[in-house]
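Have a look at the structure below, then the notes.
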Amino acid sequence: MDKNNLHERLLELPLFQGMSRNDLEQVLMNTKFRYLTFQRGKTIVNEGEMCDRFFFLMEGVISSTKNADDNGYCVVEKLSAPDILQPERIFGLVQRYTRTFKTMTECNFICLGKMEMLTLADSYQIFRLNLLNIISTRSQRLTNIPWRTRPRSIRQKIIRFIEERCLRPAGDKTVSIKMERLGHEIGESRLNVSHELNAMHEEGIIELRRSEIHVPALEKLINPAYL
């Protein structure tokens, strides 16, 4: 990636937004960026691996997969560039990825080690503030979840179940789960869950497959105004 193109692509990433052109020039000259290309279908990181670097997705589409603790179901999200793979996991009690990330298309990444990232945070206030904002926002979202009004209808329970297990409250999601398990998770019978899922399928807001629920756009379920 040439210097001018890299300059523009870095500005698309939340960590570098707001930095001056001079600061970005200094960053490019003094920081050891590693450029990586993954072909389609390759694993970038596995759930449970150490998180000791930042992966910046610059081009392409990836999937994020999270399994339940007992492997009884899993959620797969589609994520597009630009993005960062779980930056909040580089600090804290457990510094490991909680998702498995794979490429869905050919993807280009910039990789930045933890020490290089700490140097940038120490040298540039805007970078430090951007990093704190990202981590704080994700933390606040999680702490707000238990205090939201509990869903009452079966449809609302299904939507909330999916939303709470996703990295982003929008975009393409696929939940691999049996109806009996979903019913158990939301406190409803398999029959009631089946009726509601089939109604949502008929409305075109989800696609039902064998032991799988595909949501083309989660934001349309969370906010019906998008429909």
Being surrounded by fewer than 17 Cβ atoms within 10 Å (Cβ to Cβ), farther than 27 Å from Ile159 by Cα and touching a His at 6+ places or on another chain (Cβ under 8 Å) narrows it down to one of Leu28, Leu93, so name that one.
-> Leu28
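Does Arg165 meet the test of being part of a helix (DSSP H, G or I) and basic (Lys, Arg)?
Values: part of a helix (DSSP H, G or I): no; basic (Lys, Arg): yes.
So Arg165 does not fit the description; no.
Would you confirm whether any residue within the stretch 162-173 is open to solvent by 50 Å² or more (accessible area, probe 1.4 Å) and in contact with a Ser or Thr (Cβ under 6 Å, 6 or more places away or on another chain)?
First, the residues of the stretch 162-173 that are open to solvent by 50 Å² or more (accessible area, probe 1.4 Å): 164-165, 168-169.
Remaining after also requiring in contact with a Ser or Thr (Cβ under 6 Å, 6 or more places away or on another chain): none.
So far as the stretch 162-173 goes, no, none of its residues is open to solvent by 50 Å² or more (accessible area, probe 1.4 Å) and in contact with a Ser or Thr (Cβ under 6 Å, 6 or more places away or on another chain).
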Ile162 passes all but one of the listed conditions (1) at positive phi; (2) in contact (Cβ under 8 Å) with a residue 60 or more places away in the chain; the exception is number (1)
Among the residues of the stretch 57-80, which ones are open to solvent by 20 Å² or more (accessible area, probe 1.4 Å), in contact (Cβ under 8 Å) with a residue 60 or more places away in the chain and either over 20 Å from Arg40 (Cβ atoms) or assigned to a loop (DSSP other than H, G, I, E, B) (or both)?
-> Lys66, Gly72, Tyr73, Cys74
With the checklist (1) touching a helix residue (DSSP H, G or I) at 6+ places or on another chain (Cβ under 7 Å); (2) closer than 30 Å to Gln17 by Cβ; (3) open to solvent by 80 Å² or more (accessible area, probe 1.4 Å); (4) not small (Gly, Ala, Ser) in hand, flag the one item Asn144 doesn't pass.
-> (1)
Starting from the stretch 165-176, take each residue that is hydroxyl-bearing (Ser, Thr, Tyr) and list its partners that are open to solvent by 40 Å² or more (accessible area, probe 1.4 Å) and in a loop (DSSP other than H, G, I, E, B), counting only C-beta distances under 9 angstrom and pairs at least six apart or across chains.
-> Ser176/Ser211
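The values are calculated or read from the model by the stated rules, or taken from the named source; none is laboratory data. Because the structure is a prediction, the values reported are computed rather than measured. Heads up, the Cβs are rebuilt from the backbone with ideal geometry, glycines too, and the neighbour counts pull from every protein chain shown. Surface accessibility is based on the protein's heavy atoms, side chains included, excluding ligands, DNA and RNA. Shrake-Rupley method; radii C 1.70, N 1.55, O 1.52, S 1.80 Å.
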